[in-house]
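Report on one structure; see the data block that follows.
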């Protein structure tokens, strides 16, 4: 039983990859576009999962790195010419990592609720810099007029203006981030992060520089959020301050919780579940005039999900296994009593 359930995340990942690869030939253009958006949010959720599930750091300001990367891509791209895709991608990710380094060096000196509130404060500070100044066009935002291109000796392997090409580009990055985090969390570094999550005091006593480990995880999570931010800017060609707001940080945290914190595939499932729920509840074709109250429906659904599924959607398999084991043990105990 343990062997079979240990293989579930890998089986899920392979099945999801095949399903997503086949989707463009089975779905409408609208569904392909929506799935592209969800995959970007899944990368964003995976970046936060590294902090929440991997290190035990609950950040309520993670949208800052998402938004900083998006703004870096939009502001630094040429207005009348296509930017180099590798160069603009690297700049956006490094900008997010640089801001995460500054924030992490300060906030990691706090713990618990103070850590949560200070991360929120830094995110709101970045939000108001872009919202109240002309750095990024103020509340109107800024446009990415021409999507970046990858050119190899005059040959363009793909075109991000093509929806199908952008879809598979996003899918490849999602798979790469998932595999990278899987290997990272199984490495010595990942084991150290798990130890910090369980008992940081004991890890310090064992000789681990816990502050350095947490800072490295914080910066890496910020850079991965930057990957999602770059993709978001390249997809829509428009960036506004709402990308850095606390609503965005709360949404990505909900994705992690809804899917199941502590599981990488939980972040992906949570991103798909929350986004699809939003789309369904806001659809007048399904809920009629009541669709304008979609936030009420979504909130009630999340409350029920958290109450009934404390381990998230991906924890259902573990709960079924535990229930079967309890039934088996109860049957064995009853048999022993009768004997």
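The values are calculated or read from the model by the stated rules, or taken from the named source; none is laboratory data. Keep in mind that what you see is a predicted model, and the values were worked out from it rather than measured. Glycine also receives a Cβ, built like all others from the backbone with ideal geometry; neighbour counts cover every protein chain displayed.
Got at least one residue in region 263-281 being more than 30 Å from residue 197 (Cα to Cα), part of a helix (DSSP H, G or I), in contact with a helix residue (DSSP H, G or I) (Cβ under 9 Å, 6 or more places away or on another chain) and modelled with pLDDT under 85?
Checked against the condition, which is being more than 30 Å from residue 197 (Cα to Cα), part of a helix (DSSP H, G or I), in contact with a helix residue (DSSP H, G or I) (Cβ under 9 Å, 6 or more places away or on another chain) and modelled with pLDDT under 85, region 263-281 yields no hits at all.
Being at pLDDT 75 or above and not in a helix (DSSP H, G or I) is the filter; apply it to region 307-339 and report the residue that is surrounded by the most Cβ atoms within 10 Å (Cβ to Cβ).
Here the residue is 312.
Against the condition at pLDDT 90 or above, in a helix (DSSP H, G or I) and in contact with a helix residue (DSSP H, G or I) (Cβ under 6 Å, 6 or more places away or on another chain), how does residue 253 come out, does it pass?
no
Pairs under 8 Å by beta carbon, first residue at negative phi and in a helix (DSSP H, G or I) in region 131-146, partner crowded, with 16+ Cβ neighbours inside 10 Å and modelled with pLDDT of 85 or more, six or more apart or different chains?
So the pair list comes out as 131/241; 139/131; 139/240; 139/241; 140/240.
I'd like to know if region 286-306 contains one or more residues that are at pLDDT 80 or above, closer than 25 Å to residue 248 by Cα and not in a helix (DSSP H, G or I).
Looking through region 286-306, none of the residues is at pLDDT 80 or above, closer than 25 Å to residue 248 by Cα and not in a helix (DSSP H, G or I).
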